[in-house]
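Worksheet: the structure to be examined is printed underneath.
The values are calculated or read from the model by the stated rules, or taken from the named source; none is laboratory data. Fair warning: this is a prediction, and the values are worked out from it, not measured in the lab. Methodologically, a virtual Cβ is constructed for each residue, glycine included, from the backbone with ideal geometry; neighbour enumeration extends over all protein chains shown.
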Amino acid sequence: MAEKSSKITSKSSKVTSKSSESKNNSSGLLWSIIKLLLSQSYFVLFISIFIAFVPLKDFPFNAQSYDTPDYEKSLAPFHQQPQTAKLSYKLDDPKLTRKLFYNHPGPEAFTYDGSNIYTGLADGRIMVIDSSLTKIELFTRLSSNATAEKCDNQIHRTEECGRPLGLEVHNNRLYVIDSIDGLYSVDLMKTKQSHQIPVKAYLANVLSEEESSKDFLFNDIRFDPVKKNLCYITVSTTRYKMGQLPFSLLEHENSGLLLAIDLEHKNGSIIAKDLYFANGAEISSDDQYLYVAQSTTYSVSKLNLKQFRESIYSSKGVQPKLEPFLTDLPGEPDNLHTNNGKIYVSFALIRLNGPVISDYLAKVPIVRNFIAKSFHILSKVIYFIRQTLLENRLNYKSDLLKDLENKFYSGHIVYSGVKAKGGIAIYDENTRKLVEVIASNEFGFLSHAYIHPKTKDLLVGSFKNDFISVVKLN
């Protein structure tokens, strides 16, 4: 009996030993996995920091820390004065808003010649729309090399096909800003022929050699209400081309310019430098000021036009500086429009519900450095796979990889899958008070809100969407 008990004890001891060994092995394996994950995490962290800090020769990105607005303060009128400030979602109401002319990518801005409306698309086309908004057709292309086969609906071929942004009808001509080439003048009366106006050449006496060598990302144009051959042009950045525009916004850099160009005397001046993504421009309703949006300071500035004209055409006084007009806006302002004492400010992403993810990254430039540089490196990797391995060796073309490469290279990958909520904020020009916000929960990336001169409906453009919204205001 004692012998059996001894055997049982021995067996029990062996089982316990095996169980303990099994547990030790399991815990050892688990600990090994944890250590491997930790080592990989450190490795990933090291690579991330390395990418964030090491400069890339062909990519000048260097994110800056900045402050974001107090959005509660921006939208305070809705809470403090609900009887005078209105918030509506008319853009989402099919009874009030029509979406017209689908499959026309990026109708950026609008202008009117008394009979027709004009807009420029992301694929380089300039379209003409009849006053009743029933028909849209090709008016012209700025680039002589652009063709329908090569360019139509190809939004990543900016350098080949052009990208018209701001435009204005003036003296029976359509003046168009191309993001790369600058200013074009198009005959509206007969030939529809366009010719490029050499903006940089007109600035030869005021630009340094270094400044002249930089690529300007031209954006918008407005003509002076008194001096009919004097126009004002915004340059958003001199660090990035149109094809990489999002990186200027992500970096929060200030290489923007405001230019004045005299088309009669073929000269010009730089009104302001160091602007934070100078965007839309507009003349005030009383013709006294030029408004300029600076997207990454969430603000609109103003220039006293009478003082500016006196400073360059007479010996009276010194050139005025840009003054603050609207500050702490609920998003990055794009194009501007004035009508009957009100200014309409368009937002790609309006912060009606408080900060978004990009706002939380404002104070952590190292993260934005990592994101931007990773995008750039990934675009190079995808290019190598697509071009060297697939096309050159296997004779296989992948449109999917090419599109992905373009999205990483341009930075537009940040917009992929984002359900932006756009909006239009309307302010009283005299009091600067917020009067109304017309918003959308369904789409964003709004670029221009323009009152139709005849119907008084609101035309809403977008740099990304492929349609035009028409909002019935009355």
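For region 385-404, the set of residues classified as more than 16 Å from His156 (Cα to Cα) and part of a helix (DSSP H, G or I) consists of Ile385, Arg386, Gln387, Thr388, Leu389, Leu390, Glu391, Asn392, Arg393, Leu394, listed by residue number.
Of the residues making up region 259-285, those that are surrounded by fewer than 16 Cβ atoms within 10 Å (Cβ to Cβ) and within 18 Å of Glu168 (Cα to Cα) are Glu264, Ser285.
Residue-wise test of (1) assigned to a loop (DSSP other than H, G, I, E, B); (2) among the acidic types (Asp, Glu); (3) surrounded by 15 or more Cβ atoms within 10 Å (Cβ to Cβ); (4) in contact with an Asp or Glu (Cβ under 7 Å, 6 or more places away or on another chain).
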site	(1), (2), (3), (4)
Asp287	yes, yes, no, no
Ala293	no, no, yes, yes
Lys316	yes, no, no, yes
Ser379	no, no, yes, yes
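Just the residues that are in contact with a Ser or Thr (Cβ under 8 Å, 6 or more places away or on another chain) and of a type outside the set (Gly, Ala, Ser), please, taken from region 165-177. Matches in region 165-177: Leu165, Leu167, Glu168, Val169, Arg173, Leu174, Tyr175, Val176.
Those strands (runs of 3 or more DSSP E) of region 79-176 in which 1 or more residues are charged (D, E, K, R) and touching a helix residue (DSSP H, G or I) at 6+ places or on another chain (Cβ under 9 Å) occupy 86-88, 125-130, 136-141.
Taking the criterion of being in contact with a helix residue (DSSP H, G or I) (Cβ under 7 Å, 6 or more places away or on another chain) and either at positive phi or buried (at least 16 other Cβ atoms within 10 Å of the Cβ) (or both), would at least one residue in region 387-397 satisfy it? The answer is no; no qualifying residue exists.
Take the residues in region 178-195 that are assigned to a loop (DSSP other than H, G, I, E, B) and of a type in the set (A, V, I, L, M, F, W, C), then tell me which one is surrounded by the most Cβ atoms within 10 Å (Cβ to Cβ). If we take residues in region 178-195 being assigned to a loop (DSSP other than H, G, I, E, B) and of a type in the set (A, V, I, L, M, F, W, C), then Leu188 is surrounded by the most Cβ atoms within 10 Å (Cβ to Cβ). Screening the candidates Gln294, Gln288 for the property of being more than 24 Å from Ile197 (Cα to Cα), in contact with a helix residue (DSSP H, G or I) (Cβ under 8 Å, 6 or more places away or on another chain), of a type outside the set (Ser, Thr, Tyr) and touching a residue at least 12 places away in the same chain (Cβ under 8 Å) yields one hit, Gln288. Scanning region 339-377 for residues that are more than 22 Å from Phe325 (Cα to Cα) and not in a helix (DSSP H, G or I) yields Asn353, Gly354, Pro355, Val356, Leu361, Ala362, Lys363, Val364.
Being within 22 Å of the chain's Cα centre (by Cα) and either at positive phi or without any contact (Cβ under 8 Å) to a residue 40 or more places away in the chain (or both) is a property that holds for Ser299. Can you tell me how many residues within region 211-230 are of a type in the set (A, V, I, L, M) and without any contact (Cβ under 8 Å) to a residue 40 or more places away in the chain? Residues in region 211-230 being of a type in the set (A, V, I, L, M) and without any contact (Cβ under 8 Å) to a residue 40 or more places away in the chain: 1 in total.
Of the residues screened, Phe247 is one that is surrounded by 22 or more Cβ atoms within 10 Å (Cβ to Cβ) and more than 28 Å from Glu310 (Cα to Cα).
If I filter region 260-285 down to residues being part of a loop (DSSP other than H, G, I, E, B) and touching a residue at least 40 places away in the same chain (Cβ under 8 Å), which single residue comes out as farthest from the chain's Cα centre (by Cα)? It comes out as Lys266. Among the candidates Phe370, Phe277, the residue that is among the hydrophobic types (A, V, I, L, M, F, W, C) and more than 27 Å from Ile438 (Cβ to Cβ) is uniquely Phe370.
What tally of residues in region 52-78 results from selecting those that are at pLDDT below 70 and within 15 Å of Phe247 (Cβ to Cβ)? Final tally of qualifying residues: 1. Considering only region 383-420, state which residues are among the basic types (Lys, Arg) and farther than 21 Å from Phe61 by Cα. Matches in region 383-420: Arg386, Arg393, Lys397, Lys402, Lys419.
Please enumerate the residues belonging to region 211-231 that are surrounded by 15 or more Cβ atoms within 10 Å (Cβ to Cβ) and of a type in the set (A, V, I, L, M). Hits for region 211-231 are Leu217, Ile221, Leu230.
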